[in-house]
Structure formats: structure tokens, C-alpha cells
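Student: A single structure is presented below for examination.
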Amino acid sequence: MLSFPSIFSPYRSMMFQKTCFFTCGLLAALSPLQLIADDSAADVVPSQEQMMEAFGYFSAFQMGLSNLGFTAEDAPAINRGITRALCDTEPSPEMMQMVQGEVFQSFIQERVQAAQAEQEEASNAAAAGNIAAGQAFIADLKAEDAGVEATASGLHYKVVESGDADKMPTMEDTVLVHYKGTRIDGTQFDSSYDRGEPATFPLNGVVPGFGEGLTKIGAGGKILLYIPSELGYGNNPRPGGAIEPGDTLVFECELIEVNPG
């Protein structure tokens with residue numbers, strides 16, 4: 001039976017789960033291509049070899065091999081490893097010793113760190129424009145609406161209804177809240193109203209600006225929150241979501257219930 005060195009054991013133990021998630025992710029990545037495919041291609045029956053080549057292409061693309069610095073020149077060596085794995089061939093003692101050694105681990109770690117640095121640089125560049133736009137948005141907001149207040153952290157907010165002063169939450173409490181979240185251009189990224197039911201959050205388990213903002217009203221109150229990126233998702237929001245790096249977020253919140261922590 002094929003055995004794995006200890007550094008790969010977490011991947012081996014989750015292999016079947018990851019296979020499912022990877023396949024689903026790969027199909028999701030392929031689905032947009034259906035929108036641009038030539039209708040005439042529907043009558044063409046691809047060969048098994050063509051389908052396997054396409055699967056190999058999108059597998060490598062989905063795994064981000066190029067982002068880790070691998071090139072076409074590396075393909076023969078990578079393919080030899082894939083061939084051995086598909087044959088369930090036992091790795092040689094030399095290979096086992098190599099992958100557990102410092103040289104191999106440095107080889108992988110350097111590529112991962114380089115990819116992370118490149119991604120961070122791209123995120124920071126994308127964030128710069130959004131941060132500036134958010135600052136301008138809040139400056140205009142304050143100039144136009146005297147009801148907008150600010151905290152020392154940089155959060156801006158406007159109390160619409162103050163709610164019950166005897167039932168104001170602290171950061172240790174859990175709240176039941178209805179909310180809608182948008183970017184400053186009005187693009188909605190989340191809404192409990194659309195789901196038809198309020199959400200329950202521990203205030204110390206959400207982004208800092210959201211938690212701090214809800215401490216400004218009591219149960220039954222309503223508030224508008226203007227959360228700069230450093231109090232929201234920063235330069236690294238969830239990949240593929242509507243929130244972009246550096247986005248200032250706008251929340252309309254209705255505090256329904258406060259449960260002491």
C-alpha cells in the first residue's frame with residue numbers, strides 16, 4: 001500500500017473530501033466557458049484523449065501551478081510524478097528521504113511565499129483606489145449630513161433610532177440583527193432581509209466596525225454604519241465575492257435582541 005511522508009499526511013487523510021471539492025471547483029471553473037462556446041461544437045464528439053488533455057489543463061490551472069512558478073519546462077518532471085501516482089507506485093526510499101528533508105521543504109516554501117507576496121502586492125494595488133474612494137465617500141457624507149458621527153477607531157455611523165437604552169450590547173454579547181450590506185456604489189453583497197430572517201452574531205466574532213457599531217444602539221434601534229476597510233475586510237476579502245480589496249462598507253442594521261455574553 002502506498003505510504004506518504006508525514007508532511008503530506010494531512011492531505012492524504014482528507015484525500016476523498018478534497019477530491020469532491022476539487023472536482024466541484026473544477027466544474028465551476030469550466031461552467032463560464034459554456035457561455036462562450038461555439039454552438040457548432042455541440043455536434044463534435046471529442047475523443048477520450050482530448051477530454052483527458054482538457055481535464056489536465058484545467059486541473060493544473062485550478063491548482064495554480066503557474067502561480068507557484070512552475071513552467072512548461074517543468075512539465076516532464078511533474079508528469080513523471082503524476083504517472084507514478086496514477087500507477088500507485090511506491091515512492092523510492094530516496095524520494096521519501098528527499099521530501100522530508102530541508103532542501104525539498106525550502107523548495108516548496110519559497111514558491112508558496114513568492115506566490116503569496118505576488119498576491120499581496122496585487123491586492124494592495126487593487127485596494128489603493130478603493131481606499132481613496134472610500135475616504136472621499138465618507139468626507140462627502142460628513143459634509144452633507146451632520147448626523148454622521150465618528151469613533152476613535154475610524155468608524156462612522158448614523159443613529160436612525162436609538163432603541164432601548166437599558167438593552168445596549170457590549171462586545172461580549174450576542175445579538176439578533178437584521179442587516180443589509182453594500183459597497184459605496186450601492187452593490188449589495190449580503191442581506192438578512194433577502195433571506196427572510198435575522199442573523200445571530202457574537203459581536204466579538206464579526207468584523208470590528210460592525211461589532212463596534214452595534215454597541216451604539218439598544219434593542220429595537222436602527223443604525224447606518226460606514227466601515228473603512230481597516231475595520232472591515234481589509235485588502236484580503238473572500239476571493240470571488242462582491243467585496244473588493246480596500247472597500248469601505250455600508251450597513252443598514254436593525255438590532256432586534258441582545259443576549260448577554
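Nothing in this text is a laboratory measurement; each read-out follows from the coordinates by a stated rule. What you are looking at is a predicted structure, and each value in this text was computed from that prediction instead of being measured. Every residue, glycine as well, gets a Cβ built from its backbone with ideal geometry; the counts of neighbours run over all protein chains shown.
Student: Which net charge results for the neighbourhood of Ala127, defined as the other residues with beta-carbon distances under 9 angstrom from its beta-carbon, given Lys and Arg at +1 and Asp and Glu at -1?
Tutor: On the way: positive: none; negative: Glu244, Asp247.
Taking every other residue near Ala127 into account, the sum is -2.
Student: Counting only residues 5 or more places away or on other chains, whose amide H sits under 5 Å from the amide H of Leu249 once H atoms are built in the peptide plane?
Tutor: Ile227
Student: So how strong a dipole does the stretch 133-259 carry about its Cα centre when Lys and Arg Cβ are +1 and Asp and Glu Cβ are -1, to the nearest 20 debye?
Tutor: Numbers: 9 positive and 20 negative charges, 31 e Å.
Rounded to the nearest 20 debye, it is 140 debye.
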